[in-house]
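**Q** Have a look at this one before I ask anything.
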Ligand SMILES: [Zn+2]
């Protein structure tokens, strides 16, 4: 068990001047009944730390609360949350009090996590001794969470507190003593992106060109790669778990179950119009295959599996126009995503703000970046693919490696350990299409004018080589 750092005093202080507003804050965030509220006030009133005059005023208020029937409380204002997100429990940050210096906190935020310097304006304020984090972005009266910094001068390896995380950084693992098994002691989760079979069409990760051809379904392709990688990594000593082992989703919910949620989401903003039946169906489907499916995988990863890393496998695609008449493209490329680049809209969502901070405080950035470096090198050698370049502002480059981008996706945000998210091959590239038609095979085969490995083995083997290189370097 990791030891938690002592938690500082609560940030709420009831003073006579601000009692009514503090009262409201407490109602919203801490208690839901007047009885509890009265108890809270009574306890505050008896606190000897309060100056006598304040104690008296507080006691009078408490007496009044006992005798005067309290007005019913207004229901708490719902916070701004991501799709199917839960109201954040800010006490999860208690374990990270005084575990990071102001300099490092600021550097990680600016360099990796914020899309630009304004992204966290009014949401995360950096003071000399602490970060002041707004708890509910649409309701500032709900208060702030104070995350105190580790003083720069006291930061030494001997005094730095342990960081709470369920995964083990590679430098903490015993050195890989046996060269044939460099991945011993590691638990790796492989997340085959998307769902397969009939669901590929719902997810719009599907196309077919030609009469007697196999359909291209990303979720089935990622599962094939995952199985080969599982075999590779297990032979090298790792314990490997797949988030799914067939073409079925792991969430029990389906779009029909999420219609009411979709309706709520589409009409959440004041003045929203009644959504069309098509829009409602489309949103319910996205809530199923994206939000609910990935959140269910996250629950499994964070609460049950608790791996040392997650590898998310995907294939990329370029716009294929009309799905009924898709076109081939000449482009083919690769890139690797690590978590970061949160927009202001994303940081405004209370649950995302907490998730960003948990990743920052666990320092996943350093591990994801170093691992992505090694995997990008081995994938470059193995696939020969050039890097993909983002032209919008939804991803940012964090070093000089053109293959690595920082981007905030649900999976690489809520799987709470180092995650690398792989996007090699353009599925609607003509050569990739031909290689998928050839299926999985041993050795090499002539595809077009050249001899190629099976696309699945090339993908799996090059990622495996990168992970081996990373752990060999980091564990020794
Ligand atoms: Zn994908």
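The values are calculated or read from the model by the stated rules, or taken from the named source; none is laboratory data. Quick caveat: nothing in here was measured; it's all calculated off a predicted structure. Every residue, glycine among them, receives a Cβ derived from its backbone with ideal geometry; neighbour counts consider all protein chains shown.
**Q** Taking residue 355, is it assigned by TED's automatic domain parsing to the domain that holds residue 461 and within 16 Å of the ligand (Cβ to nearest atom)?
**A** Answer is no for this residue.
**Q** Moving on. Only residues in region 246-260 that are assigned by TED's automatic domain parsing to the domain that holds residue 283 and farther than 19 Å from residue 283 by Cβ count as the first member; pair them with residues that are in a loop (DSSP other than H, G, I, E, B) and modelled with pLDDT of 95 or more, Cβ under 8 angstrom, at least 6 apart or cross-chain, and list the lot.
**A** 247/195; 248/195; 250/243; 250/244
**Q** For region 215-232, enumerate the residues that are over 20 Å from residue 294 (Cα atoms) and either in contact with a helix residue (DSSP H, G or I) (Cβ under 6 Å, 6 or more places away or on another chain) or within 16 Å of the ligand (Cβ to nearest atom) (or both).
**A** Across region 215-232, the qualifying residues are 215, 216, 228, 229, 232.
**Q** Go through region 309-319 and give me each residue that's surrounded by fewer than 24 Cβ atoms within 10 Å (Cβ to Cβ) and either away from the ligand (no atom under 14 Å from the Cβ) or not assigned by TED's automatic domain parsing to the domain that holds residue 436 (or both).
**A** Within region 309-319, just 319 meets the criteria.
**Q** Among the numbered conditions (1) within 16 Å of the ligand (Cβ to nearest atom); (2) within 20 Å of residue 216 (Cβ to Cβ); (3) not in a strand (DSSP E or B), tell me where residue 322 comes up short.
**A** The one condition residue 322 does not meet is (1).
**Q** Mind listing just one residue for me: the one in region 325-345 that is closer than 22 Å to residue 361 by Cβ and assigned to a loop (DSSP other than H, G, I, E, B) and, of those, nearest to the ligand (Cβ to nearest atom)?
**A** Result: 339.
**Q** Only one residue in 429, 408 is under 20 Å from residue 191 (Cα atoms) and modelled with pLDDT of 95 or more. Which one?
**A** The unique qualifying residue is 408.
**Q** Quick one: how many residues across region 267-281 are modelled with pLDDT of 95 or more and either closer than 25 Å to residue 79 by Cβ or crowded, with 17+ Cβ neighbours inside 10 Å (or both)?
**A** Qualifying residue count for the region: 2.
**Q** Which of the residues that make up region 178-208 are more than 16 Å from the ligand (Cβ to nearest atom) and crowded, with 17+ Cβ neighbours inside 10 Å?
**A** Within region 178-208, 182, 183, 184, 186, 187, 188, 189 meet the criteria.
**Q** Of the conditions (1) away from the ligand (no atom under 16 Å from the Cβ); (2) under 20 Å from the mean Cα position of the chain (by Cα), residue 407 fails just one. Which one is it?
**A** It is condition (1) that residue 407 fails.
**Q** Could you please give the count of residues in region 451-476 that are at pLDDT below 95 and within 25 Å of residue 327 (Cβ to Cβ)?
**A** 0
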